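Report on the structure given below.
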Amino acid sequence: MSLSVSLTVNGVAREVALDDPRVTLLDLLRERLDLTGTKKGCDRGQCGACTVLLDGRRINSCLALAASCDGREVLTIEGLAQGGALHPVQAAFISHDGFQCGFCTPGQIMSAVGLLREGQAGDDPERVREGMSGNLCRCGAYAGITAAVLEAERQLSTGERAEAA
Amino acid sequence: MNRFDYVRPATIADAVAAASEPGTAYLAGGTNLLDLMKGGIARPNRVVDVTRLPGLDRIERLPDGGMRVGALVRNADLAHDPDFAQSFPAVAEALLSGASAQLRNAATVGGNLLQRTRCPYFYDPAAACNKREPGAGCDAQGGDTRLSAVLGWSESCIATNPSDFCVPLVALDATVEIAGKAGQREVPLEGFHRLPDGAPERESVLEPGELIVAVRLPADASSFSAHARYVKVRERTSYAFAVVSATAGLRIEAGAIVAARVALGGVAAKPWRARAAEVVLTGERPDHTLFRRAGEAALADARPRGENGFKIELARRVVARALALAATGTPPRLPALPASPFAPVPGVLHA
């Protein structure tokens, strides 16, 4: 059985023929589209390393069948920077040392982008920590991650205010 | 993961027809099913993807004041729907205390009702489990029962239902709308999940091929909105299943409780409505002695097995805490740590 899956990945329309319906969105990104920025950690929805935005919302790509994502829009870590300019969340992770080994970082950053879009946490560190609890960091860079998310939230809300003015 | 056929029907009738053969699984958010398939615990021959069925992603206010939530509404969307969260704040709090933000963005209402137990023996293909393989035995009995059920368990199975969402739903008399080959039917949520008895593999009253299409809350369920909470004790503050949880809803008039709702999670194979506790509370003035008595009534039939006796006393205290928080009043905004016993609440004494 062959399945054809159409996806918009980082703004580019992609058509993938699947020979096997067992392929997850994570494996499709990594193994078929060579987008290896999205990481495979636990592969069971427990660690958050595979976080991407699907139709603008953060999900665990290891628990999504690629076939079920047909017609949807995916944003991965590779699609975040605009030209040479880092996304404010990426820049904030660097300036606040929001990582050590870096393996969980693409998932952390995509999760933070999703959290900021959801707009529930605001500038409350406790709400940021709660909202980021689906992303584990075995190096324990949580303090820097929280500071980076709060910094990005300030940057983005200042930017939005400037745009509105 | 075993190989399977993947189909994506366009109508409910086509979905039900596609799922009528044995060995079929419905796929919605996939957050539980794919995990089970990767572990070899669920081995469907056919996966029926219901995510494109039209009309199942709506949250509707009904003419009688009740609310109808489509089976494909995502957990996060429901928790953040302003009208829903204001009417049923304990349901919103329960949803936000479950899983992670990523999982809540994917997981659906229907899938939440059908999630499988987190009993470690169910997840271990090398262990005997009557739920996974009827007649195989239950290695949990006599094994590690620390997190196992204390209410409604049998010699065949001591697993718990892990849902947070279902706990306030069962307290508020929710109804499940089901589509099947013979048309639609409705079941009260309280009668939807089955206790294990001798057949723990049958977890709900769904017949093969039947599909949940919506969950409905009656109009009077929102009359508890001013005094409604969910409390969930976990082994870490966030992103963990309940050891024990409880919801409390009170209607207080002239200083007296005129109506009460209490239900527990993490204690049985189904969300556990505690009607005996509601009887204790009704007509009384809210205070800590009363809340303690309600907790004792809720656990009157509890039986420990092995190491889980602590859950009985813990559950009594979680009921009393949920009642104390509910009596204080629903906060205008949910705490940063939803349902956490560590969220500070001024004026509330520890149970």
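Look at (1) over 25 Å from A:Thr8 (Cβ atoms); (2) within 13 Å of chain B (Cβ to nearest Cβ); (3) assigned to a helix (DSSP H, G or I); (4) hydrophobic (A, V, I, L, M, F, W, C) and you find that A:Met110 fails only one, number (1). Criterion first (in contact (Cβ under 8 Å) with a residue 12 or more places away in the chain, closer than 16 Å to B:Lys232 by Cβ and out of contact with any Cys (no Cβ under 6 Å at 6 or more places or on another chain)) does B:Ala320 satisfy it? Judged against the criteria, B:Ala320 is a match.
A:Val12 meets the conditions (1) touching a helix residue (DSSP H, G or I) at 6+ places or on another chain (Cβ under 9 Å); (2) within 14 Å of chain B (Cβ to nearest Cβ); (3) farther than 21 Å from A:Ile145 by Cβ in every case but one. The failed one is (2).
State yes or no: is B:Pro44 surrounded by fewer than 16 Cβ atoms within 10 Å (Cβ to Cβ), at pLDDT 95 or above and assigned to a loop (DSSP other than H, G, I, E, B)? Here the answer is no, as B:Pro44 does not meet what is asked. Residues that are over 13 Å from B:Asp164 (Cβ atoms) and outside any loop (DSSP other than H, G, I, E, B) were ranked within the stretch B:81-100; the one that is farthest from the other protein chains (Cβ to nearest Cβ) is B:Ser87.
Hey, among the residues in the stretch A:1-20 that are part of a strand (DSSP E or B) and among the polar types (S, T, N, Q), which one's nearest to the chain's Cα centre (by Cα)? Step by step, filter the stretch A:1-20, then rank; the result is A:Thr8.
Among the numbered conditions (1) in contact with a strand residue (DSSP E or B) (Cβ under 7 Å, 6 or more places away or on another chain); (2) in contact (Cβ under 8 Å) with a residue 24 or more places away in the chain; (3) within 14 Å of chain B (Cβ to nearest Cβ), the only one that A:Ser2 does not meet is (2).
Whether any residue in the stretch A:113-135 is within 14 Å of chain B (Cβ to nearest Cβ), in contact with a strand residue (DSSP E or B) (Cβ under 7 Å, 6 or more places away or on another chain), touching a residue at least 24 places away in the same chain (Cβ under 8 Å) and small (Gly, Ala, Ser) is what I want to check. Scanning the stretch A:113-135, I find at least one residue that is within 14 Å of chain B (Cβ to nearest Cβ), in contact with a strand residue (DSSP E or B) (Cβ under 7 Å, 6 or more places away or on another chain), touching a residue at least 24 places away in the same chain (Cβ under 8 Å) and small (Gly, Ala, Ser), so the answer is yes. Between B:Leu56, B:Leu103, B:Leu114, B:Leu78, the distinction of being surrounded by 20 or more Cβ atoms within 10 Å (Cβ to Cβ), under 27 Å from B:Thr330 (Cα atoms) and more than 13 Å from chain A (Cβ to nearest Cβ) belongs to B:Leu78 only. The helices (runs of 4 or more DSSP H) falling completely within the stretch B:268-351 that include 3 or more residues that are closer than 21 Å to B:Pro162 by Cα map to B:310-328. Just checking, does the stretch A:144-164 include any residue being outside the structural domain of A:Ile59 (by TED's automatic domain parsing), in a loop (DSSP other than H, G, I, E, B) and within 17 Å of A:His96 (Cβ to Cβ)? Scanning the stretch A:144-164, I find no residue that is outside the structural domain of A:Ile59 (by TED's automatic domain parsing), in a loop (DSSP other than H, G, I, E, B) and within 17 Å of A:His96 (Cβ to Cβ), so the answer is no.
Taken as a whole, the structure places B:Asn130 among residues that are out of contact with any helix residue (DSSP H, G or I) (no Cβ under 7 Å at 6 or more places or on another chain), touching a residue at least 12 places away in the same chain (Cβ under 8 Å) and more than 23 Å from B:Ala240 (Cα to Cα).
Only one entry in B:Leu206, B:Leu250, B:Leu169 is of a type outside the set (Lys, Arg) and either part of a helix (DSSP H, G or I) or modelled with pLDDT under 95 (or both), namely B:Leu169. Across the stretch A:54-103, the number of residues qualifying as within 14 Å of chain B (Cβ to nearest Cβ), assigned to a strand (DSSP E or B) and more than 22 Å from A:Ala17 (Cβ to Cβ) comes to 5.
Residues in the stretch A:21-43 that are of a type outside the set (Asp, Glu), assigned to a loop (DSSP other than H, G, I, E, B), under 16 Å from A:Gly107 (Cα atoms) and within 11 Å of chain B (Cβ to nearest Cβ): A:Cys42 only.
The values are calculated or read from the model by the stated rules, or taken from the named source; none is laboratory data. Computed from a predicted model, the values in this text were never measured in an experiment. When we count neighbours, we look across all protein chains shown, and the Cβ atoms used for this are built from the backbone with ideal geometry, even at glycine.
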